[in-house]
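One structure is given here, and the rest of the page talks about it.
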Amino acid sequence: MFSIRLPKIGLKSAISVALALGVAAMAAIAATPALDMSRALPEFEKIVPGRIGGWREVKSPYVQIAVATDDRGQAVAATYDETLMRTYVDDAGHAVMLALAYGLNQRQEAKIHRPELCYVAQGFKVLAIESSLAHVPGVPDEKVVIKRMLVEGRDRKEAVSYWIRVGKLFSESAFDTRVYILGQGLKGEVPDGILVRASQIVPRSIEGEELERIYAVQEKFLSDLVKAVPETSRASLTGW
């Protein structure tokens, strides 16, 4: 049989190693961001009114695209703490589908799903996607970078406008989100986050100025949405 002879370690060395391990453990604990248990969940059913500016809530025969890459309910529940899906119409007959998906604690392993991924996962093709500036009350300069997206599926075509907010960041990419969450974690903080999405079913042939008007309608609706939510709850949508 072979025997393994362990090196002898002096008392001072052993104490030094133990102290180093203890300091490393305490540093790891200190660097672990703490979840903010005092942060309240927004009750969207209560704070989002049935009338938003010139818009009113209606029943819709259309099923909205899920806010997770898997359209099963348990996937949505595992990702978000609060969601809301409604349809609103204005006097001109524009019908806008609203989706809100809120996560109380955004970590690297649990983040908001980007709509371009959700639509593709549910059978849609992304035809175009670009960034734009939209007017949103209450945020610095009252401007927010949003995404405009045109998608097409087997049974319909949709124009989509959305923003993703994580903490104070209006994220344009998954990479930006990861860097921000990492930075907040190093400060010992875990930010909240939300997807705010407006979409409309549009003609297959839509393009140019007609499509621009659709996006303008959606951005006006989202601005009206923020104004319609009580001031004490607007931070859940905008972070401010």
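Of the residues making up the range 217-238, at least one is among the β-branched types (Val, Ile, Thr) and either assigned to a strand (DSSP E or B) or more than 19 Å from Ala40 (Cα to Cα) (or both). Whenever a residue of the range 226-240 is farther than 19 Å from Gly54 by Cα, its partners that are among the basic types (Lys, Arg) and surrounded by 15 or more Cβ atoms within 10 Å (Cβ to Cβ), lying with C-beta atoms within less than 6 angstrom and at least six residues away or across chains, give the pairs Gly239/Arg165.
In the range 73-98, the residues that are in a loop (DSSP other than H, G, I, E, B) form Cβ pairs under 9 Å with partners that are of a type in the set (Gly, Ala, Ser) and surrounded by 11 or more Cβ atoms within 10 Å (Cβ to Cβ), at six or more places apart or across chains, as follows: Tyr80/Ala68; Tyr80/Ala101; Tyr80/Gly103; Asp81/Gly103; Asp90/Gly53; Asp90/Gly54; Asp91/Gly54; Ala92/Gly54. Residue under question is Arg165, and the condition is that it be surrounded by 14 or more Cβ atoms within 10 Å (Cβ to Cβ) and more than 27 Å from Gly93 (Cβ to Cβ); does it hold? The answer is yes for Arg165.
The rows are residues; the columns are (1) at pLDDT below 95; (2) farther than 30 Å from Ser60 by Cα; (3) among the β-branched types (Val, Ile, Thr).
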position: Ile129; (1), (2), (3): no, no, yes
position: Ile146; (1), (2), (3): no, no, yes
position: Ala159; (1), (2), (3): no, no, no
position: Trp163; (1), (2), (3): no, no, no
position: Phe175; (1), (2), (3): yes, yes, no
position: Gln184; (1), (2), (3): yes, yes, no
position: Ile194; (1), (2), (3): no, no, yes
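Only one entry of Asp91, Asp141 meets the criterion of being under 17 Å from Gly239 (Cα atoms) and surrounded by fewer than 14 Cβ atoms within 10 Å (Cβ to Cβ), and that entry is Asp141. Considering the range 108-138, and only residues there that are among the basic types (Lys, Arg) and under 27 Å from Glu231 (Cα atoms), the residue that is surrounded by the most Cβ atoms within 10 Å (Cβ to Cβ) turns out to be Arg114.
Does Lys227 satisfy the criteria of being on the phi < 0 side of the Ramachandran plot and surrounded by 18 or more Cβ atoms within 10 Å (Cβ to Cβ)? In short, no. Taken as a whole, the condition of being among the aliphatic types (A, V, I, L, M), buried (at least 19 other Cβ atoms within 10 Å of the Cβ) and either under 24 Å from Val89 (Cβ atoms) or free of Cβ contacts under 8 Å to residues at least 60 places away in the same chain (or both) does not apply to Leu211.
The values are calculated or read from the model by the stated rules, or taken from the named source; none is laboratory data. On a predicted model such as this, the values are computed, not experimentally measured, just so you know. We place every Cβ from the backbone using ideal geometry, glycine too, and count neighbours over all the protein chains shown.
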